[in-house]
Every structure is written in structure tokens, then in C-alpha cells.
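I have placed the structure first, in the form of C-alpha cells, so that the comments after it can refer back to it.
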Amino acid sequence: MIILAVETSCDETSIAVLENKKVLSNITISQIWEQQKYGGIVPDLAAKLHLENMQEVLKKALAKAQIEQEKIDYIAYTEKPGLVICLQIGKVIAETLALYLNKPLIPCNHLEGHIYASLLENTEEWKFPVLALVISGGHTQLYYLKKHLDFELLGQTLDDAVGECLDKVSLLLGYTYPGGPVIEKLALRGKNTYPLPLTKLDDTFDFSFSGLKTAVRRIIERKKFENNLTQLNINDLAYSLQHTLAKILTFKIKKFLNENKINTVVLGGGVIANKYLTDYIQKFLQDKNIKLFLPQRKYCTDNAAMIGILAYYKLMKTSKNFSF
Ligand code: KG4
Ligand code: ZN
């Protein structure tokens with residue numbers, strides 16, 4: 001089964017071709033260099049760049065996959081969530097391809113794609129029940145899955161997403177968008193010296209990160225006010241932030257495990273590229289007989305291969321010859 005997948009929900013124009021679970025090509029043009037000038041994503045600019053980059057991405061994805069167009073069986077695309085104008089471009093491209101090739105369309109959810117990314121190029125399968133955490137630039141959500149594609153939302157952020165928090169702190173420190181990689185790099189030379197609030201450690205599975213972001217902002221602004229910015233140890237501040245985020249996320253995972261039997265924990269989303277965070281969670285899960293599934297680093301941030309693998313599992317679920 002050959003699936004061509006299109007992802008345009010934010011600032012990456014991406015097309016992948018999959019043969020079942022195997023990635024034949026996954027071509028992405030990121031707009032980060034253009035969007036950095038504005039300190040975040042400008043939707044109109046994102047749409048314009050998707051249109052400019054789409055032809056090149058499509059041509060390269062087909063060429064790399066070495067597949068004739070007639071061999072494509074399905075066209076998958078990101079339906080939601082994302083920037084509406086960008087999603088519409090992906091949809092029109094996917095619809096046009098589906099019409100031209102006379103193949104069925106498979107609309108996919110971007111966040112579910114992040115979760116399924118851990119099954120890309122992986123011979124192992126999840127063992128259910130599964131607890132899945134998505135942490136990206138726009139979302140922080142915890143799901144329970146009794147079986148494939150059966151998503152039960154347990155909780156989500158009530159304000160900022162984890163990635164958003166990192167992106168904003170990076171800007172406050174005078175660095176660029178995206179902030180996650182900046183904070184990770186600074187933290188490599190830091191220690192946990194700034195006491196930051198462990199926000200929303202309550203009885204729910206919801207999250208809240210705006211208070212944490214404000215606490216970091218206050219520390220930076222106080223030093224600015226005192227004209228003492230050189231005394232701010234930004235490496236320590238980055239480390240302390242990363243450490244606090246890891247603690248909050250692990251608290252919610254732990255809370256769920258205390259109350260429920262889980263065989264697999266799955267992580268997904270751009271922030272999962274952060275090694276400190278994944279090592280922290282991995283360490284917590286050690287000796288608990290729970291397997292942790294992570295996407296390969298190249299499949300953490302937005303890409304079309306994750307939409308392709310999600311489409312594959314959707315098709316498998318409806319296939320008579322497959323039992324999950
Ligand atoms: O999933 P993604 O590519 O886009 C959305 O769906 O939002 O996630 C982007 C987010 C950004 O907030 C970015 O700062 C964060 O992922 N990110 C990271 C790292 N690489 C990207 N956060 C922490 N550490 C990283 N290495
Ligand atoms: Zn994403």
C-alpha cells in the first residue's frame with residue numbers, strides 16, 4: 001500500500017511517501033528562517049511560503065520515493081488542528097492530487113499524527129492500554145488509548161503549551177524562535193538553581209504553564225530593572241525551566257499510572273526532541289515494566305511521514321485482514 005501524505009498545518013511544508021510503515025521519502029521545507037524575523041509564526045506569510053515551496057517539495061518527495069504516480073493508493077493530509085489558512089492549502093493540494101490520480105483522500109488529525117510518529121520505521125508495536133502525551137508548540141495533551149485510534153482526552157493545557165512557554169522565554173532572553181532548541185542548548189551548561197513554580201500539580205490531568213512563564217519573566221525583568229542583567233545566569237535559568245517542565249509532565253504521568261494499569265507510554269510533538277525531558281521521563285518509567293515509545297528525532301517536529309503512518313493505521317483498522 002502506497003500513501004502520499006501532505007502536512008502544512010503550521011510553518012513546515014512537508015510531503016512524504018510511505019509504503020506501508022516504510023518511509024520512502026519525507027521532504028520538508030521549514031520556514032523557520034523567514035518566520036524568525038517576526039519572533040513567531042505570521043499566518044499570511046506561512047500560507048504564502050507553503051504555496052511557494054509546495055511544488056519543490058512534491059517533486060522531491062516523488063523523485064526520492066522513486067515511485068510512479070499511478071502506484072500511489074491513497075492521499076492523506078492534515079485536516080486539523082493548525083493555522084486555518086495553512087490547513088486549507090494542504091487540503092486543496094491533497095484534493096487536487098486525489099482528483100488527478102483518482103484515489104481516496106484520508107483526512108488526519110495533526111496531534112494523532114505526532115503520537116503515531118513513534119511507530120515510524122519501528123518494528124515494535126504498542127502494547128495496549130497506552131498513555132500518550134503530545135507536547136508541541138500549540139498543544140499539550142494527555143490521552144488514554146484502549147486500542148488503536150481510540151483517543152480519550154484526559155487533560156490538556158488551560159493556557160500556554162509547553163513549546164509556547166519555551167518559545168516565549170527564548171524571546172525574553174533575546175534569542176530567536178523556535179525557543180525549544182535554544183533553551184535545550186543553554187541548559188547543557190546549566191544547573192537547577194532557580195526555584196520555579198510547579199504549576200497545576202492538582203487532582204486533574206490538565207496543565208497550566210503561563211504562571212511558570214510569568215515567574216521566569218519576573219526573574220529576567222527584575223535583573224533588567226536592577227540594571228544587573230549580567231548577574232542572570234541564563235544557562236541555569238534554562239536548566240531550571242527544563243527541569244520544572246519535566247517534573248510537571250512526569251507528575252501527571254505518575255498520577256495516571258498510580259490509578260491505572262498501562263503497558264505503554266507514548267510521547268510525541270516538537271518538544272519531544274528535547275533529550276533532557278525524554279531522559280527524565282524514561283528514568284521515571286524504568287523498572288515499571290512500561291515501554292516508552294518515542295519518535296526518532298527527525299520525526300519529532302512537524303513532518304508528513306507522521307501523517308502517512310497515521311493514515312496507514314486508519315486504513316489497517318478498516319481492513320478485514322488485520323486485527324489489532
Ligand atoms: O510539533 P511542532 O513541530 O509544531 C507544532 O505542532 O506546534 O512543535 C514545535 C515546538 C516549538 O515550540 C519548538 O520550540 C519546540 O517544538 N521544540 C523543542 C525542541 N525542538 C523544537 N522544544 C524543546 N527542545 C527541542 N530540542
Ligand atoms: Zn506539530
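Each row is one residue, and each column tells you yes or no for (1) within 27 Å of ALA238 (Cβ to Cβ); (2) in the same structural domain as LYS254 (by TED's automatic domain parsing); (3) crowded, with 24+ Cβ neighbours inside 10 Å.
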{"residue": "ILE93", "(1), (2), (3)": "no, no, no"}
{"residue": "LYS103", "(1), (2), (3)": "no, no, no"}
{"residue": "THR140", "(1), (2), (3)": "yes, yes, yes"}
{"residue": "TYR143", "(1), (2), (3)": "no, yes, no"}
{"residue": "GLU152", "(1), (2), (3)": "no, yes, no"}
{"residue": "LYS168", "(1), (2), (3)": "yes, yes, no"}
{"residue": "LEU172", "(1), (2), (3)": "yes, yes, no"}
{"residue": "LYS185", "(1), (2), (3)": "yes, yes, no"}
Inset, instruction - Please determine, by comparing only the residues of segment 75-115 that are of a type in the set (Gly, Ala, Ser) and within 12 Å of ligand 2 (Cβ to nearest atom), which one is nearest to GLY268 (Cα to Cα). - result: GLY113
Legend entry - Failed condition for LEU142, given (1) modelled with pLDDT of 95 or more; (2) in a helix (DSSP H, G or I): (2)
Legend entry - Leading residue by the ranking (nearest to LYS317 (Cα to Cα)) among those in segment 123-137 that are open to solvent by less than 40 Å² (accessible area, probe 1.4 Å) and away from ligand 1 (no atom under 13 Å from the Cβ): TRP126
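Being of a type in the set (Val, Ile, Thr) and modelled with pLDDT of 95 or more is the filter; apply it to segment 24-39 and report the residue that is most open to solvent (accessible area, probe 1.4 Å). Steps first, please.
As a first pass, look at segment 24-39 and keep what is of a type in the set (Val, Ile, Thr): 27-29, 32.
Restricting the remaining residues to those that are modelled with pLDDT of 95 or more gives 27-29.
Details: ILE27: 34, THR28: 57, ILE29: 40 Å².
The residue in question is THR28.
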Inset, instruction - Could you check GLU124 against (1) in a loop (DSSP other than H, G, I, E, B); (2) more than 16 Å from ligand 2 (Cβ to nearest atom); (3) touching a Ser or Thr at 6+ places or on another chain (Cβ under 6 Å) and say which number it fails? - result: (3)
Inset, instruction - Taking only segment 193-221 into account, find how many residues are closer than 21 Å to GLY174 by Cα and of a type outside the set (Val, Ile, Thr). - result: 11
Legend entry - strands (runs of 3 or more DSSP E) contained in segment 1-115 and holding at least 3 residues under 30 Å from TYR175 (Cβ atoms) and not basic (Lys, Arg): 12-19, 22-30
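Only one of LYS224, LYS247 is farther than 12 Å from LEU173 by Cα and open to solvent by 60 Å² or more (accessible area, probe 1.4 Å). Can you tell me which? Steps first, please.
On the way: LYS224 fails: farther than 12 Å from LEU173 by Cα.
After ruling out the rest, the residue left standing is LYS247.
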Inset, instruction - Please indicate, with yes or no, whether at least one residue in segment 151-173 is part of a helix (DSSP H, G or I), among the basic types (Lys, Arg), out of contact with any helix residue (DSSP H, G or I) (no Cβ under 8 Å at 6 or more places or on another chain) and at pLDDT 95 or above. - result: no
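If the requirement is being surrounded by fewer than 23 Cβ atoms within 10 Å (Cβ to Cβ) and farther than 20 Å from HIS114 by Cα, which of these qualifies: LYS21, LYS64? Working first, answer last.
On the way: LYS21 fails: farther than 20 Å from HIS114 by Cα.
Answer to the check: LYS64.
The values are calculated or read from the model by the stated rules, or taken from the named source; none is laboratory data. Bear in mind that the values here come from a model prediction, so they are computed numbers and not experimental data. Note that each Cβ is placed from the backbone with ideal geometry, even for glycine, and that neighbours are counted across all protein chains shown. Heads up: the accessible areas ignore ligands, DNA and RNA and are worked out on the full protein's heavy atoms, side chains in. Shrake-Rupley method; radii C 1.70, N 1.55, O 1.52, S 1.80 Å.
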